[in-house]
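All remarks here apply to the structure that follows.
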Amino acid sequence: MRQRNNNSGFVLLMALAILVIAGTILATTSRRCCGRALDASAARRALQVRWGTLSLQATCLAAGEDLLTRDSVEFERPVVWAGRQIVLGGMTFHVVVSDEQAKANVNAIAHSRGDRTVASALSALQSGLSGALHVVPRPQEEAVEPGAPGKLDTELPILYGSYEQLFDLGHPSQLFARQSFRPAAIERVTCWGSGQVNFRRADPAVLREALLGALDDSDVGKILTFRQEHPDGTLGELMKHLDLKSSKALKAADLLTDTSACHSVWIIAEGSTRKWYRLYVQQFVGADSSSGQWVFQW
């Protein structure tokens, strides 16, 4: 009779254990490799977004006036913003360049008419716009006074320095028309600039709100007629056309301008699973062209 080998069962169990351990090691290694691949992909996208936005920010702010002028000629009307879509390295970037001085400045409104008027002004400025935002003004406890250390030497105290201080915002996409990259409320509202409004470009609603208490609706109508007939008309020529009394003329001259020294650019990088929002604002002040820049990112 042949003797039974009792070691065969033990060998089988050892083989199974080794297979289990090897499988566990392979699975762990695979997960680590996948994790590293995902991390590398995320790092590549982050780098792509960073350098793409920095390149577009520098290029588009420098070319802001040219882009606005081109669109104005193409559409045969004044424009406050110009949109472009650019593909860099396989990623789509949506760019929106705006003239901040063609918008109603909330700090100027608060300074001239009182901070309590800001909420009603913002509501009036959103009239007729789709997707109007809930207005929740949250001014700084103390305004940044003109000439404060590290601040631009402007004449306008700053109570509001971002859109999040004006509206109830859950996401920056709310600042654009639904399912598009067309500015909504931000087409008419700004926190930056000298407070003077570029009459050549400003929306009629902006002119009415920015000039409230200084000029009436008939004066605003004359401004709109003048710029339609004289697209390149100067502020001096406009003042002659309005033929205002001295007191009104002084107020109008303080509130209006025919140039812009403050521009912004929104850059929205569109990835496969998310979007990155960046806002750059650049303002030049004074004869020495001193400048300030604000950067917001989501």
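The values are calculated or read from the model by the stated rules, or taken from the named source; none is laboratory data. Being a predicted model, the structure only gives us computed values, none of them experimental. Here the Cβ positions follow ideal geometry from the backbone for every residue, glycine too, while neighbour counts run over all protein chains shown. The protein model used for the area step is the full one, side chains on, heavy atoms only, and it has no ligands, DNA or RNA in it. Shrake-Rupley method; radii C 1.70, N 1.55, O 1.52, S 1.80 Å.
Rounded to the nearest 0.05, what FRET efficiency do Lys275 and Ser127 give with R0 = 25 Å and r taken as the Cβ-Cβ distance? Could you check?
For Lys275 and Ser127, the calculated efficiency is 0.30.
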If ligands, DNA and RNA are left out, what is the accessible area of Tyr280 with a 1.4 Å probe, given in Å² to the nearest 10? 10 Å²
Semi-axes (Å, rounded, descending) of the ellipsoid equivalent to segment 68-198 per its C-alpha gyration tensor are 27, 18, 16
Extension gain (nm, one decimal) between Lys222 and Leu250, 0.36 nm per residue minus Cα-Cα: 8.4 nm
Carbon plus sulfur, as percent of the 1.4 Å-probe accessible area of the chain, comes to 54 percent
Given [x] 21.2; [y] 20.6; [z] 22.4, which label gives Kirkwood radius over Cα pairs in Å as computed from the coordinates? [z]
How do Trp276, Trp51 rank by accessible surface area computed with a 1.4 Å probe, from largest to smallest? Trp51, Trp276
What are the lysines whose alpha-carbon lies under 25 Å from the alpha-carbon of Lys240, with same-chain residues fewer than 8 places away excluded? Lys103, Lys222, Lys248, Lys251
Measuring from label point to label point, each 7 Å out along Cα→Cβ, what is the Trp298 to Glu142 span in nm? 3.1 nm
What is the distance, in nm, between label points placed 7 Å from the Cα along the Cα-to-Cβ direction at Thr28 and at Ser180? 5.6 nm
Would you mind getting the accessible area per residue of segment 184-264, heavy atoms of the protein chains only, 1.4 Å probe, in Å²? 45 Å²
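Okay, helix-only estimate at 222 nm for the chain: each DSSP H run of n ≥ 4 adds -39500 (n - 2.57), divide by all residues, round to 500 deg cm²/dmol; what do you get?
Details: 8 runs with 122 residues, N = 298.
Value at 222 nm, helices only, nearest 500: -13500 deg cm²/dmol.
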With a cut-off of 8 Å between alpha carbons and a minimum separation of six or more residues, what is the relative contact order of the chain in percent? 20 percent
Between Leu88 and Thr59, what is the label-point separation in nm under the 7 Å Cα-to-beta-carbon projection? 0.7 nm
Segment 150-298: percent of C-alpha pairs farther apart than 26 Å? 37 percent
